[in-house]
Amino acid sequence: MRSTRDITPVCSTLPKPCSPQNTTIGLMGVEEHTYDTVVDFSVAPLSNFVGNASCGEVSFLIGQCCRNGSISTGPATQDFWTSCTINLTNLYAVSPTATNNSPKYGNNPIIFTCCNRPYRYNQESIDSLEHDSVSYSLVPGLRENTGVPVLYSSPFSEKYPVSSFCFGGRIDCKPNPNANPPQGFFYGYKYRRFGFYSC
């Protein structure tokens, strides 16, 4: 099942800009596309994966053409792929009828930054059903379902995906979110969010 909604952060008195869907009025609009399905490993052919010692993990991939042509860090117009993995060995160790759900997000996936302003973002992801832990790490974006990473324009990389403030004009300095202004790009549990100071 697929659903689409306009999540552009505009005042309640203004019309949403993405109407009709996949179009914009003016210069800016943000749509959230949600893809939802149920995968039942008790039914063939997926039941062949359960208890299979050589296949304890199952991965799902989804791809789309193409990334925005205005991206200036390298991957412009490259295809977009993402994946998720379910560890069946751990899941069915709990119960042969165990279920698992995706985490829910407390914040919409919108990032608008202002020049010369510190920016911090937290998706507030939580699994309140099975209480699974949720962790993140910076990895290369994918442009093929075989795991081929996107190409970045130097000095950008998966660890430094955006321009951020560093002394000397670099973007890859050691992050210091407590500096005034904050320095570098920081991400992960240590900071509980990611952030940067751009322009």
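The values are calculated or read from the model by the stated rules, or taken from the named source; none is laboratory data. Worth saying up front: this structure is predicted, and the values here are computed from it rather than measured. No Cβ is skipped: glycine too gets one built from the backbone with ideal geometry, and neighbour counts run over all protein chains shown.
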Selection from region 40-86 of residues that are of a type in the set (F, W, Y), farther than 22 Å from S154 by Cβ and not in a loop (DSSP other than H, G, I, E, B): F49, F60, W81
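Between V10, V50, which is touching a helix residue (DSSP H, G or I) at 6+ places or on another chain (Cβ under 9 Å) and either at pLDDT below 85 or within 23 Å of G147 (Cβ to Cβ) (or both)?
Working: V10 fails: touching a helix residue (DSSP H, G or I) at 6+ places or on another chain (Cβ under 9 Å).
Sole residue among the options that is touching a helix residue (DSSP H, G or I) at 6+ places or on another chain (Cβ under 9 Å) and either at pLDDT below 85 or within 23 Å of G147 (Cβ to Cβ) (or both): V50.
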Within region 96-133, count every residue that is farther than 30 Å from V10 by Cα and surrounded by 12 or more Cβ atoms within 10 Å (Cβ to Cβ). 6
